[in-house]
1. Can we say ARG112 is under 21 Å from ASN20 (Cα atoms), surrounded by fewer than 17 Cβ atoms within 10 Å (Cβ to Cβ), of a type in the set (D, E, K, R) and not assigned by TED's automatic domain parsing to the domain that holds GLY48?
2. Quick one: which residue in GLY131, GLY144 is out of contact with any Lys or Arg (no Cβ under 6 Å at 6 or more places or on another chain), surrounded by fewer than 20 Cβ atoms within 10 Å (Cβ to Cβ) and over 17 Å from ALA101 (Cβ atoms)?
3. Across the stretch 115-126, which residue is surrounded by the most Cβ atoms within 10 Å (Cβ to Cβ) among those that are over 17 Å from ALA80 (Cβ atoms) and of a type in the set (A, V, I, L, M, F, W, C)?
4. Restrict the check to the stretch 81-88 and report whether at least one residue is assigned to a strand (DSSP E or B), among the polar types (S, T, N, Q) and over 16 Å from ALA113 (Cα atoms).
5. Does ARG36 count as over 30 Å from ARG171 (Cα atoms), out of contact with any strand residue (DSSP E or B) (no Cβ under 7 Å at 6 or more places or on another chain), not in a loop (DSSP other than H, G, I, E, B) and not assigned by TED's automatic domain parsing to the domain that holds SER176?
6. Would you point out the residue of the stretch 48-60, among those that are among the β-branched types (Val, Ile, Thr) and surrounded by fewer than 21 Cβ atoms within 10 Å (Cβ to Cβ), that is modelled with the highest pLDDT?
7. Look at the stretch 131-143 and say how many of its residues are farther than 18 Å from ARG182 by Cβ and either assigned to a strand (DSSP E or B) or aromatic (Phe, Trp, Tyr) (or both).
Amino acid sequence: MVAVDPEALPSAKAVNHQFNVVIDGAETTIHEGVLRCNGGTLTVVSPGVLEVNRLQHVVVRGGGGGDVRFARCGFAAAEACGAVSFHRCDAVRVDGAGEVAVRRCRSADVERAGTVSIRRCKGAARVHGAGELRLGRCREADVGNCSDVALGRCREARADWCGSLGVARCRSADVSRCGAVRVDRCGDANVSSCGSVMVRRGKVNMVEAHQPLQGWQEQALCQKAEPADAVPMEIMSK
């Protein structure tokens with residue numbers, strides 16, 4: 001006879017990705033098939049992969065670490081999911097995800113995510129508590145508590161308590177309490193209480209008395225007991 005350990009058998013919970021969905025205030029669950037509601041659809045295209053299309057107000061939770069893809073929705077939110085993507089939605093929100101991708105949405109609000117990529121937001125993009133963040137071509141960017149950040153071509157950018165931060169081709173930027181900061185071709189940037197700053201080209205206002213060096217040379221900013229006044233400067237590389 002062969003002894004079988006029940007704990008060694010794969011459980012149904014391990015292979016059954018069940019998503020909890022709230023559509024216009026009504027809650028339901030889906031783990032397979034297609035659900036049509038209010039002119040939109042929810043489709044499980046493969047185990048653990050849910051596609052959401054053309055719903056006005058939808059929130060997706062859980063799914064056992066499954067992936068969710070939103071397209072052409074009004075308000076779309078994902079909570080405690082694996083990989084989440086949004087395309088051409090109005091307002092999107094994420095709270096807890098491994099990977100997040102946002103393309104051509106009106107606004108984005110992301111908290112507690114691993115890798116985040118946001119492109120072409122017409123409004124504001126807010127990201128707090130992410131690992132790697134790549135954000136470009138947004139009207140406003142508000143970033144905090146992220147490890148590795150690259151911001152590009154935003155009208156207004158704000159960053160606080162980040163590790164490595166790169167800001168390129170932004171009209172204005174406010175940076176505070178970050179580790180290593182790189183500024184490239186920004187119109188007006190305010191930098192305060194950061195570990196090191198590198199400036200390639202642009203106008204930079206620094207609270208510390210030390211000035212950034214021309215080119216991509218790095219300068220450590222010394223902490224003083226009493227901060228000096230902001231010193232505006234413009235760096236132009238040849």
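1. yes
2. GLY144
3. So in the stretch 115-126, the residues over 17 Å from ALA80 (Cβ atoms) come out as 117-126.
Still in the running and of a type in the set (A, V, I, L, M, F, W, C): 118, 121, 124-125.
Numbers: ILE118: 25, CYS121: 24, ALA124: 17, ALA125: 30.
Ranking the candidates gives ALA125 first.
4. Within the stretch 81-88, not a single residue is assigned to a strand (DSSP E or B), among the polar types (S, T, N, Q) and over 16 Å from ALA113 (Cα atoms).
5. On the way: over 30 Å from ARG171 (Cα atoms): yes; out of contact with any strand residue (DSSP E or B) (no Cβ under 7 Å at 6 or more places or on another chain): yes; not in a loop (DSSP other than H, G, I, E, B): yes; not assigned by TED's automatic domain parsing to the domain that holds SER176: yes.
Yes: the conditions hold for ARG36.
6. Once the filter is applied, the top-ranked residue is VAL59.
7. So the answer is 3.
Residue by residue, here is whether (1) closer than 28 Å to ASP160 by Cα; (2) touching an Asp or Glu at 6+ places or on another chain (Cβ under 7 Å); (3) modelled with pLDDT under 95 holds:
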| site | (1), (2), (3) |
| --- | --- |
| THR41 | no, no, no |
| GLY62 | no, no, yes |
| PHE70 | no, no, no |
| GLY74 | no, yes, no |
| ALA83 | yes, yes, no |
| ALA101 | yes, no, no |
| SER107 | yes, no, no |
| VAL127 | yes, no, no |
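The values are calculated or read from the model by the stated rules, or taken from the named source; none is laboratory data. Predicted model, so just to flag it, every value in this text is computed and none were measured. Note that each Cβ is placed from the backbone with ideal geometry, even for glycine, and that neighbours are counted across all protein chains shown.
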